[in-house]
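Report on one structure; see the data block that follows.
The values are calculated or read from the model by the stated rules, or taken from the named source; none is laboratory data. Note that the structure is predicted; figures quoted are calculated from it, not measured. Backbone-built Cβ (ideal geometry, glycine too); neighbour counts: all protein chains shown.
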Amino acid sequence: MIPEYGDVVKVHTKEDVYEGILLPRPEIFDENYTVIKLDNGYNIGIENKKITKIELVKKYEKKKEEKRKIEYKKGLPNISILHTGGTIASKVDYRSGGVVAAFSPEDIVSMFPELTEIANIDSELIANMWSDDLRFPHFKLIAKAIEKKVKQGADGVIIGMGTDNLAVASAALTFIVEQTPIPIILVGAQRSSDRGSSDAAMNLICATEFIAKTDFAGVVICMHEHSDDKTCVILPPTKTKKLHSSRRDAFKPVNDTIIARVDYNMRKIEFIKNDYVKKDKNIKLVIKPNMEEKIGLLKITINMFPEQFEFFKGYKGLVIEGTGLGHMPGHVPNELANIHKKIFPAIKMVIDSGCIVVMTTTCLFGRVQMQVYSKGRDLLKLGLIPGEDMLPETAFVKLAWLLGNHKKDEVKELIGKNLRGEISERTDEKAFLY
């Protein structure tokens, strides 16, 4: 019998035997490869010329999925899960090889039945917002969806999102949601739900437990603390960065510590920070979703040219991810760097065009100190504003939000002030590589 897509097969080569689910060939593999999904969840492509035999192990059997009926349980909190795409609510159809989205409340509780013991779950898709394609208007859509759920009486909102820009989105939403009576938690998954190592269920369940069992209010992130399945952490929204492309514990606080820890097995919550805003249904939800579009983020590297700075002439704001304490090329130590004579005039031209320029550092830890070296002092004279210890991406969305909601003079004053925990009063050395 000839194997078909979805069947479990053994692929024999002269060197090895691979067992897994036969999949349609993705675009990344050419027609000379056979693709299977291994038990560990990874897909591999095997060159056809190396294959001696493909042995059928088990025919594909499509499981009949029975959607669980949603029943309201008195005494449990009402939690809304808002979806923006991503892997957290997706599953694989092994016959087609494609990802199937599951966004309805019935879909969610069928995939994660434990949720019904923690809360009454409401779920809907806002819109497909692939993390790599996020734009400022997407945050307005999310904010409006949050507003709708708060008006309907939700005790908490979970936002499912792709992980690549989840940390940046959390920072943006923290500024947009100026005041909230309930918790708003961004949750993602590093591993797709069809893999045994998926973190989707645990992250979602821990976020739900945190809403149900605490009095916390505000925007945060919930992801794995370590590579094992013991604890998730509640992370500060403006001080968190994705530091690994695939590990389940990729999200870490920078110049800060976690807010709380959720023990997945014991279902216990330990607060690390106790100075947080508490739930209060009497507090009014305040949303200010306007963000200035003409904002740039420029990373400083070696071998830069004045044209790279001139590009931002006419922009409303620019965040520079500088080196060290907040530096960029502009001095001429020898004739090989003569072109740097034109860089400071270029950045001055950008500032004179009405652009607010903020300096941050490419170093993950520590803060900008522009009074230490002459170059930093020269940049201050040009009009650059120190970004303290803000992450460059956080400074970027903060500047966009400030320009969308405040006058220019107010923006210059507020960009260097701590509004949502984005700037630390002092850099805590204990927070280094927490």
Quick check, is E388 within 25 Å of the chain's Cα centre (by Cα), modelled with pLDDT of 95 or more and not assigned by TED's automatic domain parsing to the domain that holds S170?
-> yes
Restricting the first residue to the stretch 254-270 and requiring it to be assigned by TED's automatic domain parsing to the domain that holds A171 and closer than 15 Å to D228 by Cα, which pairs with a second residue that is among the charged types (D, E, K, R) and assigned to a loop (DSSP other than H, G, I, E, B) meet a Cβ separation below 9 Å and a spacing of at least six or different chains?
-> R261/E225; V262/E225; D263/K230; Y264/D229; Y264/K230; N265/D229; N265/K230
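Given the criteria farther than 19 Å from I385 by Cα and not assigned by TED's automatic domain parsing to the domain that holds L186, does I302 qualify?
Working: farther than 19 Å from I385 by Cα: yes; not assigned by TED's automatic domain parsing to the domain that holds L186: yes.
So I302 passes the test.
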Quick check: is even one residue across the stretch 188-203 at pLDDT 95 or above and aliphatic (A, V, I, L, M)?
-> no
Those residues of the stretch 1-41 which are over 30 Å from the mean Cα position of the chain (by Cα), closer than 17 Å to V57 by Cα, in a loop (DSSP other than H, G, I, E, B) and modelled with pLDDT of 80 or more amount to I2, P3, E4, Y5, G6, D7, D16
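Mind counting the residues in the stretch 312-327 that are of a type outside the set (G, A, S), part of a loop (DSSP other than H, G, I, E, B) and under 28 Å from the mean Cα position of the chain (by Cα)?
Keep residues of the stretch 312-327 that are of a type outside the set (G, A, S), which gives 312-313, 315-316, 318-321, 323, 325, 327.
After this cut, where a residue has to be part of a loop (DSSP other than H, G, I, E, B) as well, the list is 312-313, 315-316, 325.
With the extra rule that they be under 28 Å from the mean Cα position of the chain (by Cα), the set shrinks to 312, 315-316, 325.
Looking only at that region, the number is 4.
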Only listed residue being of a type in the set (S, T, N, Q), modelled with pLDDT of 70 or more, under 31 Å from the mean Cα position of the chain (by Cα) and crowded, with 18+ Cβ neighbours inside 10 Å, chosen from S80, S90 = S80
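Enumerate the strands (runs of 3 or more DSSP E) found wholly within the stretch 231-294, keeping only those where 3 or more residues are closer than 23 Å to A172 by Cα. Explain how you work it out, then say what you get.
Working: elements: 231-235, 240-242, 251-253, 260-263, 268-271.
Output list reads 231-235, 240-242, 251-253.
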Conditions (1) in contact (Cβ under 8 Å) with a residue 24 or more places away in the chain; (2) among the polar types (S, T, N, Q); (3) not assigned by TED's automatic domain parsing to the domain that holds F216 -> N334 fails only (1)
Okay, strands (runs of 3 or more DSSP E) sitting entirely in the stretch 130-189 with 3 or more residues that are in contact (Cβ under 8 Å) with a residue 60 or more places away in the chain, I get 156-160, 177-179
Considering residues of the stretch 295-311 that are of a type outside the set (A, V, I, L, M) and not in a loop (DSSP other than H, G, I, E, B) only, the residue surrounded by the fewest Cβ atoms within 10 Å (Cβ to Cβ) = E307
